[in-house]
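Some notes on the structure that comes next.
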Amino acid sequence: MIIVMRGDVTADSAAVQDVVRLAERYPGVKTQVRSIEGATRSLTEVYLLGSTATVPSEPFEEMTGVERAIRIRAKYRAIGRHEGAAEAIGFVYNGVEFSQNTFHVMPGLCAVDTPKNVEEMFRALKSFGIQTTRAGAYKPRTSPYEFQGHGKSCLPYLFEYAGKYDIRVIAMEVTHESHVLEILDALEMSGQATGVMLQIGTRNAQNFELLKMVGQQERLPVLFKRGMGITLDESLNACEYIASSGNHRIVFCLRGMKTNLGDPHRNFVDFAQVPVLRRLTRLPVCVDPSHSVGKRFVGDDGLLDIHHVAAQGVIAGANGVLVDFHPHPEEALCDGPQALLLTELEHFVRDLELVRKAYLERTELARNLLPRADA
Ligand code: PEP
Ligand code: MN
């Protein structure tokens with residue numbers, strides 16, 4: 001059960017202590033108090049863990065400071081919506097709001113290669129007012145002989161250019177605690193010139209120690225990429241590892257499934273699951289058309305397959321699009337063949353603006369025309 005406190009009630013207040021005391025009177029029940037910095041408000045929630053099946057909700061609902069008591073399903077305790085009872089609150093990081101109501105395009109380099117390419121990329125983003133990007137410094141590659149990323153040596157110039165071009169959030173994959181420490185150090189050295197969202201790559205979707213580690217730190221939010229060969233349920237449980245360790249600031253990213261059934265695409269596009277994620281969880285949902293499609297296939301309608309699948313995610317309500325761009329793909333040290341060119345940035349962004357607008361109009365139509373349960 002989750003006891004949601006009223007907006008003005010803080011975690012250290014007497015009202016929360018009363019709830020904890022009452023809850024722990026029931027045998028086998030333990031509590032955990034969580035403060036969630038939401039996009040529109042902060043929330044304090046008391047989680048009742050253990051044998052809560054016979055604990056009644058009414059005594060809690062009658063207490064001062066309590067907004068409501070939500071009986072949760074056994075699944076997805078921390079990230080779940082619980083049949084719509086829990087709000088999808090989202091979060092604000094470094095001035096940027098991420099929630100199920102917001103939309104951000106995150107175009108950027110698959111891997112950082114040279115300072116010149118970083119600067120060209122960020123300059124282009126600034127010209128379109130884009131403050132969210134991606135940039136890999138630690139690249140876990142299939143072969144040990146392939147480029148593994150520049151690691152911490154590229155962070156100083158990456159963050160400096162980010163500050164110069166008003167980039168506020170960089171999604172960056174990490175595979176080890178030392179990477180997080182190096183990022184935090186470099187951010188500090190840069191005078192917090194920008195922000196980093198820690199990316200958990202598909203290959204590490206069930207690296208439970210890594211998930212707990214990024215969950216135990218609360219400085220940086222997490223962009224979790226769905227495991228390529230596991231069920232959605234298993235990926236959601238992986239996010240539970242992050243959230244139950246303390247960090248609720250998670251964006252869930254679909255990136256396609258590994259199977260030849262999706263050929264010629266690199267992965268089988270799974271963006272039909274955007275609405276499923278929005279319904280089951282409180283998390284903002286992002287899609288990655290680049291790692292799904294894997295190549296610059298183009299149709300005679302002038303649109304690339306990457307445009308089409310990105311649009312499929314956005315028309316279904318995705319809150320973000322993580323996409324590979326490169327000023328000179330032939331120079332890219334990783335995933336050049338799937339990178340879009342900076343000259344294609346305006347088209348990509350405007351195309352998705354159209355689709356996002358259509359999605360919002362669809363939701364409006366649904367609100368206006370769907371028969372209401374109480375009508
Ligand atoms: C990436 O985004 O650079 C990446 C490696 O993605 P994934 O983990 O989805 O393969
Ligand atoms: Mn890549």
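The values are calculated or read from the model by the stated rules, or taken from the named source; none is laboratory data. Because the structure is predicted, anything quoted here is derived from the model rather than measured. Every residue, glycine among them, receives a Cβ derived from its backbone with ideal geometry; neighbour counts consider all protein chains shown. These accessible areas exclude ligands, DNA and RNA; they are computed on the full protein's heavy atoms, side chains included. Shrake-Rupley method; radii C 1.70, N 1.55, O 1.52, S 1.80 Å.
What to note about this one:
- Residue tally, condition at positive phi and within 16 Å of ligand 2 (Cβ to nearest atom), over the stretch 309-338: 1
This table checks each residue for (1) away from ligand 1 (no atom under 16 Å from the Cβ); (2) assigned to a helix (DSSP H, G or I); (3) hydroxyl-bearing (Ser, Thr, Tyr).
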| position | (1), (2), (3) |
| --- | --- |
| 82 | yes, no, no |
| 119 | yes, yes, no |
| 141 | no, no, no |
| 148 | no, no, no |
| 162 | yes, yes, no |
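- Complete set of residues in the stretch 113-138 that are among the β-branched types (Val, Ile, Thr), more than 26 Å from residue 313 (Cα to Cα) and free of Cβ contacts under 8 Å to residues at least 60 places away in the same chain: 118
- Unique match (being at pLDDT 95 or above and within 19 Å of residue 219 (Cα to Cα)) among 104, 150, 179: 179
- Top-ranked residue of the stretch 191-219 - restricted to ones that are closer than 20 Å to residue 106 by Cβ and either small (Gly, Ala, Ser) or part of a loop (DSSP other than H, G, I, E, B) (or both), ranked as farthest from ligand 2 (Cβ to nearest atom): 192
- Residue 261 vs. criteria open to solvent by 70 Å² or more (accessible area, probe 1.4 Å), among the hydrophobic types (A, V, I, L, M, F, W, C) and within 25 Å of residue 318 (Cβ to Cβ): yes
- Failed condition for residue 11, given (1) under 30 Å from residue 171 (Cβ atoms); (2) surrounded by 20 or more Cβ atoms within 10 Å (Cβ to Cβ); (3) of a type in the set (A, V, I, L, M, F, W, C): (2)
- Search result, residues across the stretch 313-341 that are surrounded by fewer than 19 Cβ atoms within 10 Å (Cβ to Cβ) and either of a type outside the set (D, E, K, R) or within 16 Å of ligand 1 (Cβ to nearest atom) (or both): 315, 328, 329, 336, 337, 341
- Looking across the stretch 276-294 at every residue that is more than 12 Å from ligand 2 (Cβ to nearest atom) and of a type in the set (D, E, K, R), the one that is surrounded by the most Cβ atoms within 10 Å (Cβ to Cβ) is identified as 282.
- Scanning the stretch 14-31 for residues that are surrounded by fewer than 15 Cβ atoms within 10 Å (Cβ to Cβ), in contact with a strand residue (DSSP E or B) (Cβ under 7 Å, 6 or more places away or on another chain) and not in a helix (DSSP H, G or I) yields 28, 30.
- Scanning the stretch 53-69 for residues that are open to solvent by less than 50 Å² (accessible area, probe 1.4 Å) and part of a helix (DSSP H, G or I) yields 59, 60.
- Of all residues in the stretch 210-247, those satisfying the criterion of being away from ligand 1 (no atom under 15 Å from the Cβ), farther than 16 Å from residue 75 by Cα and crowded, with 21+ Cβ neighbours inside 10 Å are 215, 220, 221, 247.
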